[in-house]
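All remarks here apply to the structure that follows.
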Amino acid sequence: MSGGNASSEADSGRLADNILMFCRTLRDAGLPIGPGRVLDAMTAVRCAGIDRRDDFYWALRAVLVSDPAQFRLFDQAFHVYFRNPRLLERMMSLLLPTLETDSLGTAGEAPIRRLREAMSGTGSAAEEQGTQIGIDQSGSWSRREVLRRKDFEEMCLEEQSEADEMLRAEILSVADVATRRFRFHPYGNRYDLRRSMRLILKNNGQLIELVRKRRLTVSRPLVLICDISGSMSRYSRVFLYFAHVMTARQRRVHTFVFGTRLTNITRRLADKDVDRALAAVSADVKDWDGGTRIAECLERFNVDWSRRVLAQSGIVILLSDGLERDSKADLGFQMQRLHRSCRQLIWLNPMLRYSEFEPRAMGIRTMLPHVDLFLPAHNIESLGQLSRLLQQDTDSGRASRQLATYQATQ
Amino acid sequence: MSESPNKRDLPGDVSETRSLLTSGDYIAGRDLATVVYLALHMGRPMLLEGEAGVGKTEIAKVLAATLDRDLIRLQCFEGLDLASAVYEWNYPRQMVAIRIAEAEGHTGDIGKSLYSREFLTERPLLSALEEHANGPPVLLIDEIDRADEPFEAFLLEVLSDYQISIPELGTIKAKERPIVVITSNRTREVHDALRRRCLYHWVDYPSQETESRIVALKAPGIADDLRNQLVAFIHKLREQDLFKRPGVAEVIDWANALTQLDVVTLTPEVLNDTLGSLLKYQDDIAKLRGSEAARLLAEIQAAA
């Protein structure tokens, strides 16, 4: 490896250029390839040799790809590039400008909209206020109380943004769970022998003092699954706002949306700016306001995701009206499976806002036996209640609590 | 720097790596052999992901056996910490040493002597960096996804520089790099920083032909006819919509079970009776039992 004759040195120079360009292409295509990996790729290729095309292929893949989801991209890029590097370059140059304007478009959209609202929206609001100056009570206590109980569906745009702010104040983080790690703490309930020993040695063993440690806690993983079908659109918007706040507030929050198919939007919601995050979500998701296939989407979640996001006994919150379009689907079975793989399954159903609501629809009747909590989610107050429930660790009496909350909503 | 000084007994190219694995009864594809070969020569850890039971852990065992190295295994679990993964000071002995020093009346420089190797209890990671008589050992970090993120972060130092910093003692650096195999079942995504330091490979289910060879090696008692039927059935089964598809380990178990039962050919009855060694979820078994299994069987018999 270290020694090489002159001709191979020259060859490898050319090969190195090619590998470098190949890496850059992959990077442009979105693979996380830094300079370190480029060097690794060269070492790997030098190690494996280029006598055989497949060795060359596997060597590059072992270094450059670290996620099965990237295999296809790598495969295509490899075959196009190492047959004809120029071809790929041309393709990229054709593609890139449109890609760039595309991404600019989506990223830039949210600020522009807000700018527009900021300039026109406040102006019109001021005008309105001017005309109705006698009856305006905005910001007063009773108005906020009314807003707390107002159905999201009946809110106008202005009220909605105020409601968002109020909701933010209502959201608490989820109850902590104990880990198996310890940290130094003056009143901890265990002795920290390692630290004690170091202290003892500091004064040459003259003074023996034991210090304590206690268990570390982390917040429980939370999985939010949100129905975005047509009948739910207002509520799902608020729920996504809720999801965004939760994502910012604590670690291990995973969010999924579904209509006719399931989409993981966790990474989108990581954007600190709520408008930009929601815009990215809506660009990602293809089935807004369409129909619902609850059973199929839950099945996808159970098979593809539950083992990856629910490993440490998480809580699942499902927002849906439970109106399954596909009558043949095995909804009960999928709900049961979901219920068994998490610690607690909470179903939020905005339909509970009607006091005379009865679970008559087939879908709702099949889903109901498999949830731990069945709660309304149509106004700020109900979401605040949910958040408080999540903060008190709800450990025992699953069934009785389910009944109690159900009756309380009647 | 030269990555792995102990190259004399390492395979010289990809084909040799492949035959080395075969000599340890492990049938590997060219892709896996390339990754193993690179890991051996570049001195990099390999990160193997894949479904349960496709032979990720086995690679480490086979490497240790065929290269004649020690195998050091670290089974990960949530809350795995320094004390059980790397090292621990032997506190009772330290206490006794202090008492003795007190009794003898020279406690002056006790601090230095208390933090020496004598009082150190080695755990897997540290002992993997130590010198071993028969060359650098194989370090198997099994099911990394079960450990939590703080442990993963700690591994970064070990895996990129092959060294461990012990505050009281200094840095311990491996003279020769161990061969590191990390496996993950993907119950949690491993962090990018760790991925970047490793050679990555997704261990997939083997092809029908490869699997047939694996079964022949691991369950030698089984007749050729039955073996072909069995492997064909498994491949049909993996196409079904199951919660957990059977891995290679289950197939070998099943083959052994059939041998024990003196089965000559697959019938729906045999299938129903032995499905439990293949499928481990009640829902999957309920789905397959009876007519569905018979249908699959009829399909492969029609194809044969």
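Condition first: outside any helix (DSSP H, G or I) and surrounded by 16 or more Cβ atoms within 10 Å (Cβ to Cβ). Now tell me which residues in segment B:200-222 satisfy that. Give the steps one after another, and end with the answer.
Here is the first cut: in segment B:200-222, the residues outside any helix (DSSP H, G or I) are B:200-207, B:219-222.
Scanning segment B:200-222 gives B:Tyr200, B:His201, B:Trp202, B:Val203, B:Tyr205, B:Pro206, B:Ala219, B:Ile222.
Being part of a helix (DSSP H, G or I), facing another protein chain (nearest Cβ under 10 Å) and surrounded by 22 or more Cβ atoms within 10 Å (Cβ to Cβ) is true for just one of B:Leu47, B:Leu38. Which residue is that?
Result of the check over B:Leu47, B:Leu38: B:Leu38.
Conditions first: (1) under 20 Å from A:Arg195 (Cβ atoms); (2) out of contact with any helix residue (DSSP H, G or I) (no Cβ under 8 Å at 6 or more places or on another chain); (3) without any contact (Cβ under 8 Å) to a residue 40 or more places away in the chain. B:His106 passes all but one, so which condition is the exception?
Going through the list (1) under 20 Å from A:Arg195 (Cβ atoms); (2) out of contact with any helix residue (DSSP H, G or I) (no Cβ under 8 Å at 6 or more places or on another chain); (3) without any contact (Cβ under 8 Å) to a residue 40 or more places away in the chain, B:His106 breaks only (1).
How many of the residues in segment B:75-114 are among the hydroxyl-bearing types (Ser, Thr, Tyr) and farther than 30 Å from B:Glu149 by Cα?
2
Scanning for something more than 13 Å from chain A (Cβ to nearest Cβ), in a strand (DSSP E or B) and either more than 15 Å from B:Ala85 (Cα to Cα) or not β-branched (Val, Ile, Thr) (or both), does segment B:181-199 turn up at least one residue?
yes
Among the residues of segment A:215-224, is there at least one that is at pLDDT 85 or above and more than 14 Å from every other protein chain (Cβ to nearest Cβ)?
There is at least one residue in segment A:215-224 that is at pLDDT 85 or above and more than 14 Å from every other protein chain (Cβ to nearest Cβ).
Name the single residue that is modelled with the highest pLDDT among those in segment A:281-327 being among the basic types (Lys, Arg) and not in a helix (DSSP H, G or I).
In this case the residue turns out to be A:Arg293.
Of the residues that sit in segment B:200-250 and are aromatic (Phe, Trp, Tyr) and within 22 Å of A:Arg72 (Cβ to Cβ), which one is farthest from the other protein chains (Cβ to nearest Cβ)?
B:Tyr205
I'd like to check which helices (runs of 4 or more DSSP H) are fully inside segment B:224-304 and have at least 2 residues that are in contact (Cβ under 8 Å) with a residue 60 or more places away in the chain. Can you show your working first?
Numbers: elements: B:224-239, B:248-260, B:268-274, B:282-288, B:291-303.
Passing ranges, in order: B:224-239, B:248-260, B:291-303.
Suppose the filter is surrounded by fewer than 17 Cβ atoms within 10 Å (Cβ to Cβ), within 11 Å of chain A (Cβ to nearest Cβ) and polar (S, T, N, Q); does B:Asn134 pass it?
Criteria not met by B:Asn134.
In segment A:199-214, which residues are away from every other protein chain (no Cβ under 11 Å) and surrounded by 16 or more Cβ atoms within 10 Å (Cβ to Cβ)?
Within segment A:199-214, A:Val211, A:Arg212, A:Lys213, A:Arg214 qualify.
Per-residue answers, yes or no, for (1) aromatic (Phe, Trp, Tyr); (2) within 14 Å of chain A (Cβ to nearest Cβ); (3) assigned to a loop (DSSP other than H, G, I, E, B); (4) closer than 30 Å to A:Tyr57 by Cα:
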residue: B:Pro11; (1), (2), (3), (4): no, yes, yes, yes
residue: B:Arg18; (1), (2), (3), (4): no, yes, no, yes
residue: B:Ile27; (1), (2), (3), (4): no, no, yes, yes
residue: B:Ala52; (1), (2), (3), (4): no, yes, yes, yes
residue: B:Ala64; (1), (2), (3), (4): no, no, no, yes
residue: B:Leu80; (1), (2), (3), (4): no, yes, yes, no
residue: B:Ala83; (1), (2), (3), (4): no, yes, no, no
residue: B:Pro92; (1), (2), (3), (4): no, yes, no, no
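Checking B:Ile100 against (1) in contact (Cβ under 8 Å) with a residue 40 or more places away in the chain; (2) assigned to a helix (DSSP H, G or I): exactly one of these is not met. Which one?
(1)
Sort out which residues of segment B:66-75 are closer than 18 Å to B:Glu122 by Cβ and not in a strand (DSSP E or B), and write them in order of number.
Correct list: B:Arg69, B:Asp70.
Within segment A:345-365, can one find any residue that is surrounded by fewer than 21 Cβ atoms within 10 Å (Cβ to Cβ), within 21 Å of the chain's Cα centre (by Cα) and not in a strand (DSSP E or B)?
No, segment A:345-365 contains no residue that is surrounded by fewer than 21 Cβ atoms within 10 Å (Cβ to Cβ), within 21 Å of the chain's Cα centre (by Cα) and not in a strand (DSSP E or B).
Going by what's in this entry, would B:Glu211 be described as touching a Phe, Trp or Tyr at 6+ places or on another chain (Cβ under 9 Å), modelled with pLDDT under 90 and either under 24 Å from A:Ile33 (Cβ atoms) or acidic (Asp, Glu) (or both)?
In short, no.
Name the residue that is farthest from A:Ala377 (Cα to Cα), counting only residues in segment A:285-300 that are in contact with a helix residue (DSSP H, G or I) (Cβ under 7 Å, 6 or more places away or on another chain) and buried (at least 21 other Cβ atoms within 10 Å of the Cβ).
A:Glu299
Does A:Leu60 fit the bill of being modelled with pLDDT of 90 or more and touching a Leu at 6+ places or on another chain (Cβ under 7 Å)?
Spelling it out, it is not the case that A:Leu60 is modelled with pLDDT of 90 or more and touching a Leu at 6+ places or on another chain (Cβ under 7 Å).
The values are calculated or read from the model by the stated rules, or taken from the named source; none is laboratory data. Since this is a predicted model, take the numbers as computed values, not measurements. Glycine gets a Cβ as well: all are built from the backbone with ideal geometry, and neighbour counts include every protein chain shown.
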